[in-house]
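Below is one structure; the comments refer to it alone.
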Amino acid sequence: MKGIKYISILVIVLFSNLGLAQVKFEAKLSKTKLGINERLRVDFEMNKDGDNFNPPDFSSFSVVGGPNQSVSKSWVNGVSQFSKTYTYFLAPKSLGNFKINQATIEVDGQVYKTTPVTVTVTKAVDKPKDGNNADYVASENIHLVAEVSKATPYLNEAITVVYKLFVSPNTGVSNWREIDSPKYSDFWSQNIEIKGLKVQNGTYKGEDYRYVILRKTVLYPQKTGKLLIEPLSLDLTVDVPTNRRDIFGGRLMTQVHRTVSAGERTINVKPLPEQGKPLDFTGAVGDFDFKVTTSKTELKATESLNLNVEVSGNGNLKLFELPKVNLPSSLEVYEPEHTENVQTNLQGMQGRISDNYTVVPQFKGKYPIPSISFSYFDVKTESYKRLSSDEIIVNVFQGPNNTSAPDNSATLANNGKQPVVVNSDHFAFIKTQPNLVSVKPSQFFKTKLFWGSLLAPLLAIPLAMVFRKQKAVRDADVVGNKIRKADKLAKKYLSEAKKALGQKEAFYVALEKALHNYLKGKLNIETSEFSKDKISELLTSKAVDTEVVTDFTSLLESCELARYTPSTNVAMQQDYDKAAKTISLIDKQIK
């Protein structure tokens, strides 16, 4: 009996040791459901030390922190316990259900994997009100707003959406990027270019704020009913004041990442009224002028004139067709050349569009160009309007008579055109006797100017030899030339920024302009057409060091949003020195 008892105890101890020796490797989430403005913490925890840790692909998230590694060892009731954790902080990029796949670790030559976990990302949620919590302070002091000019427009009536980022006076923004851009699927849209971010003072819900306009978009709804404008979402690096102060009493700042969204906006688009709608209405909405003109009203047969049909004003100029012309059959008409001179601003499209017809009469006579009508819907009066041109008489005073029709002026174009009669005088306008007059040669030979021009090159040869020798010595100094050229270039572009040192906004505007002008001058590109990623790619392709490229793009980011944050003369001087150094290094390294 005692032997059986000892064997049982031995089996229990063995199984206990096996249980203690079992490797556990698992993924733990701070939450399985979160708003798009929240952060997710993921812990990959193991009870035994391992090697070759390989995290999953966080393609649906932005990694805003980590990996942070922590190790814990303890003794509980005489038993050693070990824990090692890899921690990541993630920000969701969009709404939906996302899977965090397996992570792997190698322990004693064997690979262990975590179980995949699923996370649900919902719309932005309210956060607990904690005045000492940096995330809460950021959420209360940073707001992205979409301002829509009109919520109930007519079909094809222009509306504008202006996206403003509001920042409270005691908070700053160091960096930002778009993570969710609106798609205007039921609208004709055009973004209005914004040259540089301009900080302005305003109010948000009755409180004083600073704000900057990030985007302006003009929309023309193409459907009736309720249409959605998708939200614009940004990932921000926010500078939040803390309760700690430096040795001079200034409040220290801490940085947190925050996602802000302008939210969806619903536009209720009204259909155009059916009552009073003209039969020839083609969808023009706005306030327009209409005219029909000809380049001449008297000409010979086989000569040409231009007939121009033009609409000008403010409205959806690119979204409707101009009325067609109906001319007498004896006037040969060619397909029109369509031209547009249209600019788009916050009031919508403005300018003019036209169809230019080339008309060639074939016979002698008088031909009427009938009145042409154009109708449009006037939003201001909410009614249809019609504009008509005057009748124009074209007098063809020389050419063959039209024997096929007794009265050319009464013959209008139906389904076909009159056959073209070849005129022997087609090329009568070409002169066959030009009456050319000979010109006497000028008296230049053996004058003072002649001898001076002859001897000047000979006198310049010694000077050229001296200059060439000095240039050869200077050209041989490759390193010195690069340094002189780079320093001169940096001073040239940064001269305006140096003059503005101490004036925060003027300084950063001048510094940003200097950096952009340098790129335009050095790489022959328009920086407004490229993102920071594109600029980084171009500089890297020119063999510029990665660290220098990073410094340059960080300077551009600082210029964009440095005006949000409190800045000292010391900080401006540091940014100026960094810019001068970076431009000089790029000029030395670029190939």
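Just name the residue that is farthest from the chain's Cα centre (by Cα) out of those in the stretch 186-204 that are of a type outside the set (Asp, Glu) and in a loop (DSSP other than H, G, I, E, B). Explain how you work it out, then say what you get.
Going through the stretch 186-204, the residues of a type outside the set (Asp, Glu) turn out to be 187-192, 194-204.
This time we only want the ones that are in a loop (DSSP other than H, G, I, E, B), so: 194-199.
Values: ILE194: 9, LYS195: 11, GLY196: 12, LEU197: 13, LYS198: 16, VAL199: 19 Å.
Taking the candidates together, the pick is VAL199.
Going through the stretch 40-60 one residue at a time, which ones are assigned to a loop (DSSP other than H, G, I, E, B) and within 44 Å of the chain's Cα centre (by Cα)? Spell out the reasoning first.
Applying the first criterion (assigned to a loop (DSSP other than H, G, I, E, B)) to the stretch 40-60 yields 47-50, 55-60.
Passing the criteria: PRO55, PRO56, ASP57, PHE58, SER59, SER60.
Check ASN268 against each of (1) under 22 Å from PRO336 (Cα atoms); (2) not in a loop (DSSP other than H, G, I, E, B) and name the one condition it does not meet.
For ASN268, the exception is condition (1).
So, of the residues in the stretch 174-185 that are under 18 Å from the mean Cα position of the chain (by Cα) and part of a strand (DSSP E or B), which turns out to be modelled with the lowest pLDDT?
Filtering the stretch 174-185 for residues that are under 18 Å from the mean Cα position of the chain (by Cα) and part of a strand (DSSP E or B), the one modelled with the lowest pLDDT comes out as ASP180.
What is the residue count in the stretch 205-248 for residues that are modelled with pLDDT of 90 or more, assigned to a strand (DSSP E or B) and not hydrophobic (A, V, I, L, M, F, W, C)?
Adding up the residues that qualify gives 10.
Filter the stretch 36-67 down to the residues that are crowded, with 18+ Cβ neighbours inside 10 Å and within 20 Å of ILE179 (Cα to Cα) and list them by number.
ILE36, ASN37, GLU38, ARG39, LEU40, PHE58, PHE61 - these are the residues of the stretch 36-67 that are crowded, with 18+ Cβ neighbours inside 10 Å and within 20 Å of ILE179 (Cα to Cα).
Evaluate the stretch 68-84: report whether one residue or more is crowded, with 16+ Cβ neighbours inside 10 Å and not assigned by TED's automatic domain parsing to the domain that holds LEU234.
Pass one, the stretch 68-84, residues crowded, with 16+ Cβ neighbours inside 10 Å: 84.
Next cut, not assigned by TED's automatic domain parsing to the domain that holds LEU234 only: 84.
For the stretch 68-84, residues crowded, with 16+ Cβ neighbours inside 10 Å and not assigned by TED's automatic domain parsing to the domain that holds LEU234: present.
Is it the case that the stretch 464-484 has a residue that's in a helix (DSSP H, G or I), surrounded by 15 or more Cβ atoms within 10 Å (Cβ to Cβ), modelled with pLDDT of 70 or more and not assigned by TED's automatic domain parsing to the domain that holds TRP176?
Step one: of the stretch 464-484, the residues in a helix (DSSP H, G or I) are 464-476, 478-484.
From what is left, the residues that are surrounded by 15 or more Cβ atoms within 10 Å (Cβ to Cβ) are none.
No: zero hits.
Restricting the first residue to the stretch 495-518 and requiring it to be without any contact (Cβ under 8 Å) to a residue 24 or more places away in the chain and surrounded by fewer than 16 Cβ atoms within 10 Å (Cβ to Cβ), which pairs with a second residue that is part of a helix (DSSP H, G or I) and among the β-branched types (Val, Ile, Thr) meet a Cβ separation below 7 Å and a spacing of at least six or different chains?
Within 7 Å, no pair qualifies.
So, THR171, is that one hydroxyl-bearing (Ser, Thr, Tyr), touching a residue at least 40 places away in the same chain (Cβ under 8 Å) and either buried (at least 19 other Cβ atoms within 10 Å of the Cβ) or within 25 Å of PRO153 (Cβ to Cβ) (or both) or not? Even if it seems obvious, please write down each step before you answer.
Numbers: hydroxyl-bearing (Ser, Thr, Tyr): yes; touching a residue at least 40 places away in the same chain (Cβ under 8 Å): yes; either buried (at least 19 other Cβ atoms within 10 Å of the Cβ) or within 25 Å of PRO153 (Cβ to Cβ) (or both): yes.
Considered against the rule, which asks whether it is hydroxyl-bearing (Ser, Thr, Tyr), touching a residue at least 40 places away in the same chain (Cβ under 8 Å) and either buried (at least 19 other Cβ atoms within 10 Å of the Cβ) or within 25 Å of PRO153 (Cβ to Cβ) (or both), THR171 comes out as yes.
Is one or more of the residues making up the stretch 322-336 charged (D, E, K, R), under 19 Å from LEU387 (Cβ atoms), surrounded by 14 or more Cβ atoms within 10 Å (Cβ to Cβ) and touching a residue at least 24 places away in the same chain (Cβ under 8 Å)? Before the answer, list the steps.
The first filter runs over the stretch 322-336 and keeps only residues charged (D, E, K, R), leaving 324, 332, 335.
Then drop every residue that is not under 19 Å from LEU387 (Cβ atoms), which leaves 324.
The next check asks that each one be surrounded by 14 or more Cβ atoms within 10 Å (Cβ to Cβ); those that pass are none.
No - not one qualifying residue is present in the stretch 322-336.
Return only the number of the condition from (1) surrounded by 17 or more Cβ atoms within 10 Å (Cβ to Cβ); (2) out of contact with any Ser or Thr (no Cβ under 6 Å at 6 or more places or on another chain) that PHE98 does not satisfy.
Going through (1) surrounded by 17 or more Cβ atoms within 10 Å (Cβ to Cβ); (2) out of contact with any Ser or Thr (no Cβ under 6 Å at 6 or more places or on another chain) one by one, PHE98 breaks only (2).
Can you tell me which of (1) at pLDDT 80 or above; (2) more than 22 Å from the chain's Cα centre (by Cα); (3) assigned to a helix (DSSP H, G or I) is the one PHE552 doesn't meet?
Single failed check for PHE552: (2).
The values are calculated or read from the model by the stated rules, or taken from the named source; none is laboratory data. This one's a predicted model, so the numbers in the text were calculated from it and none came from an experiment. Glycine also receives a Cβ, built like all others from the backbone with ideal geometry; neighbour counts cover every protein chain displayed.
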